[in-house]
């Protein structure tokens, strides 16, 4: 019996990684293997454990080779990570973007471009990749002098698989300070620092940059002619599958550790740099107005590990206006300047009540982000929050427009797999019914929450 033709998707998130085998044609997930993603404390600084990931990745690809005829490998990763290469090796470890590098902020802020040029807000720690590179250059000048190529994270893994170096625009356009989305050109910062010239050739996310290195093919049992695609930023992978199948405008809420709001078909002229708004760049090179907050991490902090509230807890929280107010991931999101706080003593709340407050917090912050991004049309929620019924229902009530939940875990994976079919990979979207609005009236609660969040006081 012939094995099915498939694409292997390598999906590296901030907290977890997976290798999924996706059947060509049906797009069914034939297998998914996962691993926790680890950060090493140093030396010389907190950095991603890429060698452990590499060992796991090769083992997963070997298992995939026994299951299907792998015709292509597509890599998708989180943003704010760039590999500084010296030949075929890393000149410096891959910096964890949560590491505090604020000591160089005064010097860096004098050099970074205006928001009107980069549409990239100033973010804490290393969330602006330009700040990371500046810090590494200033802190490790000897090692940095050896850097002859800078690779976005998806293209780093594509290089390790194929030996070919490339650059792709979705990672460049993800709040890096390195790109001018409106013009589709390098930023003045990237040019003036000499970094732009160290990036390899530009490729489209679906381009074949090479085939597997012979040693990788031998180690995994994958065919030597297996195509290695350039790869894509993870939230843009989620967006890609809708761009090739839906008319504009629409919005995608790509959820996980972060909630990234993409207002596809919207205008970029109303973005507020002080509220974690930015323009992402889609796989076609177009600027997409966006806003974001650390939804997954904040939800976990507020809810204390409870996935979803019961109706009784929701009713009590709404009736008594029990609120978690932003921000529980300080420095991020539309309310990043506030300090997370409760209107009631959190220690006296039940687990269900904490989860109810977390649901409403996430829905109301999502509403704010959609407004800031100028979202129009239906709203498609992907990732873990697409399986939280209370969140979806609360969001639908607040928005008064169709909210569609893609509860399958393959939003990013499916989009990355579609790259193997190129830009013409149009397929009709899976039909899902709009979410029914929450039966509990949260209009007064929402108004009070938004007023308190905006004012920073209860």
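For the reader, a short list of remarks on this structure follows.
- Failed item in (1) part of a loop (DSSP other than H, G, I, E, B); (2) under 21 Å from the mean Cα position of the chain (by Cα), with residue 369 passing the rest: (1)
- Among the residues listed as 297, 246, the single one being farther than 24 Å from residue 78 by Cβ and out of contact with any helix residue (DSSP H, G or I) (no Cβ under 9 Å at 6 or more places or on another chain): 246
- Among (1) in a loop (DSSP other than H, G, I, E, B); (2) crowded, with 18+ Cβ neighbours inside 10 Å; (3) modelled with pLDDT under 95, the one test that residue 413 misses: (1)
- Residue check, residue 200 closer than 30 Å to residue 110 by Cβ and without any contact (Cβ under 8 Å) to a residue 60 or more places away in the chain: yes
- Residue in the range 214-228 that is assigned to a loop (DSSP other than H, G, I, E, B) and at pLDDT below 95 present: no
- Screening 163, 126 for residues that are at pLDDT 95 or above and closer than 30 Å to residue 219 by Cβ leaves exactly one candidate, 163.
- Yes/no for residue 20 being within 20 Å of the chain's Cα centre (by Cα), modelled with pLDDT of 95 or more and either outside any loop (DSSP other than H, G, I, E, B) or outside the structural domain of residue 422 (by TED's automatic domain parsing) (or both): yes
- Looking only at the range 23-44, and only at residues there that are crowded, with 16+ Cβ neighbours inside 10 Å and assigned to a loop (DSSP other than H, G, I, E, B), the one that is farthest from the chain's Cα centre (by Cα): 24
- When the range 60-80 is filtered for residues that are more than 23 Å from the chain's Cα centre (by Cα) and assigned to a helix (DSSP H, G or I), the ones remaining, listed by number, are 61, 62, 63, 64, 65, 66, 67.
- Residue within the range 189-211 that is over 14 Å from residue 72 (Cβ atoms) and modelled with pLDDT under 95 present: no
- Test result for residue 179, touching a helix residue (DSSP H, G or I) at 6+ places or on another chain (Cβ under 8 Å), in the same structural domain as residue 91 (by TED's automatic domain parsing), surrounded by 24 or more Cβ atoms within 10 Å (Cβ to Cβ) and at negative phi: yes
- Qualifying helices (runs of 4 or more DSSP H) (wholly inside the range 95-172; at least 1 residues being under 17 Å from the mean Cα position of the chain (by Cα) and buried (at least 21 other Cβ atoms within 10 Å of the Cβ)): 129-139, 153-162, 169-172
- Residue-level analysis places residue 337 outside the set of residues that are part of a helix (DSSP H, G or I) and either more than 17 Å from residue 394 (Cα to Cα) or modelled with pLDDT of 95 or more (or both).
- Residues that are surrounded by fewer than 17 Cβ atoms within 10 Å (Cβ to Cβ), free of Cβ contacts under 8 Å to residues at least 60 places away in the same chain and assigned to a helix (DSSP H, G or I), drawn from the range 264-300: 300
The values are calculated or read from the model by the stated rules, or taken from the named source; none is laboratory data. Quick caveat, the model's predicted, so the values are computed rather than measured. Note that each Cβ is placed from the backbone with ideal geometry, even for glycine, and that neighbours are counted across all protein chains shown.
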